[in-house]
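The values are calculated or read from the model by the stated rules, or taken from the named source; none is laboratory data. Only a predicted model underlies this, so the values are computations on that prediction, with no experimental measurement involved. All Cβ positions, glycine included, derive from the backbone under ideal geometry; neighbour counts span all protein chains shown. Protein only, heavy atoms only, side chains kept; ligands, DNA and RNA dropped before computing areas. Shrake-Rupley method; radii C 1.70, N 1.55, O 1.52, S 1.80 Å.
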Amino acid sequence: QVHLVESGGDLVQAGGSLRLSCAASGNIYAIDSMGWYRQAPGKSRELVAVLSTRGATTYADSVKGRFAISRDGARDPLYLQMNSLKPEDTGVYYCTALAEGTYSWGQGTQVTVSS
């Protein structure tokens, strides 16, 4: 089992930047991939970015060129660098990890982008 804790969410003006962090504990060496999802008020949860342990990345079209997902190693946090933020990026951002066929989720961190 993998336990995830997100941090870094904040209130920021449009055009600004934030970096989210996700600390993993537990069976971290079994993690195949990690990612970020977000959920805006009244909307379903959507994929933001995914990073596999082989280094492959996937981004939602809406964040390509503005967000970057990274992680240095199995014992290091997962990051999401968010630049040129827009009001539509507002939402609760969740970290997820896939390990041994099971997805784990963090509690989420709130990102609010004001116009």
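If one puts a single equal scatterer on every Cα of the range 1-66 and applies the Debye formula without solvent, what log₁₀ I(q)/I(0) results at q = 0.15 Å⁻¹?
Taking Cα atoms of the range 1-66 as identical point scatterers yields -0.61.
How high is the relative contact order of the chain, given as a whole-number percent (alpha carbon pairs under 8 Å, six or more residues apart)?
Values: 287 pairs, mean separation 43.6, N = 115.
After rounding, I find 38 percent.
Give me the percent of the accessible area of the range 52-115 that comes from carbon and sulfur atoms, probe 1.4 Å, all protein chains in place.
44
Only sites in a loop by DSSP and with at most 11 other Cβ atoms within 10 Å count here; which GluC sites (Glu not before Pro) in the range 18-102 make the cut? Walk me through the numbers before you get to the answer.
Working: sites: E46, E88, E100; in loops: E100.
Within the range 18-102, the qualifying GluC sites (Glu not before Pro) (loop, at most 11 other Cβ atoms within 10 Å) are E100.
Using unit Cβ charges (K, R positive; D, E negative) and no other charged atoms, how large, in debye to the nearest 20, is the dipole of the chain about its Cα centre? Could you put the intermediate results ahead of the total?
Details: 10 positive and 10 negative charges, 31 e Å.
That gives a dipole near 140 debye.
Counting only Cα, what are the radius of gyration and maximum Cα-Cα distance Dmax of the chain, in Å?
13.3, 42
Return one whole number: the accessible area per residue of the chain in Å², for a 1.4 Å probe. Each step should come with its number before you reach the end.
Values: 6200 Å² over 115 residues.
The answer is 54 Å² per residue.
Along the positive direction of the dipole of the chain (beta-carbon charges: Lys, Arg +1; Asp, Glu -1; about the Cα centre), which of S62, W105, Y94 reaches farthest?
The residue sitting most towards the positive pole is S62.
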